[in-house]
Amino acid sequence: MSQEASIPFTPLSMATNSMPITPNPTAPSLKRAASTSFEGLEESGRKRLKEDHTIPDEECPGSASLDAPTDSLDLVEGLAQELQCGCCSALVYRPVIVTPCQHFFCGSCCVLWIKNGGSNCPSCRGQSTIVTPFRALQPVIDLLLRHAPHMSRSNNEQRQADEIYKAGQSMRLPSPREASPEPNVTQSADLARPCPHCQPGNPFGWMCPQPIPDPAVDPDNAWHLDNGTPPGHAHCGNCENLLALRSPSTTKCDLCQVHFCGVSVPGRCVAAPLLAQHPHGMSDIGDLILSSDVYECFDSNTVEVEIMLDYLSAQRLNPRHVYREIVSYIQSQARGFTPLIDLDLFTDLHAVTPGVDLDPDAPRNRICRLCATEVLLWGLKEWWVRERQKGFLEGEVMNRSDCPDGSNCTRQKDLAHAREFNHIFGAQPRPATPDRAVDDAQLASGRSPHPADEESIPETESPHDEIEDTIETYTDPIPTELTRIPPPLAFARLFSSSMSVPTERPSPSSELFDPLSGLA
């Protein structure tokens, strides 16, 4: 057997595992040499790059403990800015997303946007169709609030937002409205515009016999306002637009002589019958409380005003009912509204030029809202005097001692003095003395008792003295038991507990009937 046959066969895998392979330095290398263009470059690698950027911990001790809170705070602040609502600029609450622009907002902010007429995205103003809850963003907000609870909204804000928007609801944006027409900037303010009845085929069913030319259609015949009001027309006292004097809808206030169109603002551009009108700005007792004119009617006596307001609340009376009672009282007098007109009470109430009162003695049947308020304020104090005499007030109010100076007392603004004494009636007569008896005799004869004193000491009159004097000139004679103001002892006898004093005022509906009460 030859020597080659004596060598056993060994597989290559077994030989590799059993014997180490030692490279032969003299054997030619199979690795291709690098290109000459890379010669001279420094050796680089991932391991070398990692070693170059690795900084030993001993060179910057404690750096990890200092940078971690700063980085966390910056992350929270940056995330909070990215999650701000585009409407309220606060961290979004109950987020919703607008389709298709993908802008998100607070659910309550988006509801208010739609209620205020929004028909597009509040951020980009792009046309949008639907708003849905942004459920994917809510966990991110919750995580942020756990790390920064100070960014959370207050309980009151959350409660208000939840009342506006219920979480999880989708909303639809309304269709965009048609664009408003461009304003006519070339329209001249010096030219009169046609009234509502001047246009042919107007919806009011009446054509103005003297129509005003439209300056946009017929500029050559336009009416210039420097020439005055167009013939057959006037300005409405409420809306100040031109109106046709002969129009069926036009009314005139018999007190201020101002016309009203009855077209522009229903219920306000009208002079209604006396008992059917509503005083302007006096719809309930709260308006009386806020009106400084009411306190001036009582000489700034806040105590007496509070007693009257409590009485109105207890009897469920509103300012309109008081106004109607005042009007009924004025109509029952001989001269009616003439004393009020003589006081120029209804002058310069409106911003338009009033008409001419052709017959000062004519009956007054219609009144505007502003004149109704003037009537209410003018007669409020006298109405309260008559109302007190009916005996529906509490005994502690009626049994107060009357102040000797009455409504002329200068201490009415003193709350303690105003609560102790009654000032609603006139000054009490001074006690009779010998000198007083001589003075009364001289007054009865028509001679002044102290002419020198009258010249040296001027009298101080209340703003309401002139009105009270005017009332005495036109009122009918009233029985003495109704006009005489009894002294305090007489009050005690009159309202003693032994007498049957009514505890409630008659119902307002039983005293006056308003044919238009259902339309008010």
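The values are calculated or read from the model by the stated rules, or taken from the named source; none is laboratory data. Not measured: the values here are computed from a predicted model. Heads up, the Cβs are rebuilt from the backbone with ideal geometry, glycines too, and the neighbour counts pull from every protein chain shown. For accessibility, only protein heavy atoms count, side chains too; no ligands or nucleic acids. Shrake-Rupley method; radii C 1.70, N 1.55, O 1.52, S 1.80 Å.
Return the long-range amide H neighbours of Leu191 (sequence gap of 5 or more, or a different chain), with a cut-off of under 5 Å between placed amide H atoms.
Under 5 Å from the amide H of Leu191: Leu225.
Over segment 298-411, consider all pairs of different Cα atoms and compute the Kirkwood hydrodynamic radius from their mean reciprocal separation; express it in Å, one decimal.
On the way: mean 1/r = 0.0608 Å⁻¹.
Kirkwood hydrodynamic radius for segment 298-411: 16.5 Å.
Given Cα positions, please report Rg to Rh for segment 111-167, the hydrodynamic radius being the Kirkwood one.
Reported Rg/Rh, Kirkwood definition of Rh: 1.03.
Quick one, what does Rg over Rh come out to for segment 185-281 if you take C-alpha atoms and the Kirkwood Rh? Please report the intermediate quantities before stating the final value.
Working: Rg = 14.4 Å, Rh = 14.3 Å.
Rg divided by Rh gives 1.00.
With a 10 Å radius around each residue's Cβ, average the other Cβ atoms per peptide and rank 216-228, 125-137, highest first.
Highest to lowest by the protection proxy: 125-137, 216-228.
Please calculate the 1.4 Å probe accessible area of Lys252, with all protein chains present, and give it to the nearest 10 Å².
Taking all protein chains as shown, Lys252 has close to 60 Å².
Work out from phi, with θ = phi - 60° and the Karplus expression 6.51 cos²θ - 1.76 cosθ + 1.60, the ³J(HN,Hα) of each residue of segment 368-383, listed in order in whole Hz, and give x for Gly and Pro.
Going residue by residue, I get 8, 5, 5, 5, 4, 5, 5, 5, 4, 5, 5, x, 5, 5, 5, 4 Hz, with x marking Gly and Pro.
Could you tell me what percent of the accessible area of segment 245-317 is made up of carbon and sulfur, with a 1.4 Å probe and every protein chain present?
The C+S portion of the solvent-accessible surface of segment 245-317 is 52 percent.
Residues with beta-carbon under 13 Å from that of Asn301, excluding Asn301: net charge, scoring Lys, Arg +1 and Asp, Glu -1?
-2
Accessible area per residue of segment 80-220 at 1.4 Å probe, in Å²?
63 Å²
Where only protein heavy atoms count, and the probe is 1.4 Å, what is the accessible area per residue for segment 285-433 in Å²? Write out the running numbers ahead of the final one.
Numbers: 7220 Å² over 149 residues.
Per-residue value: 48 Å².
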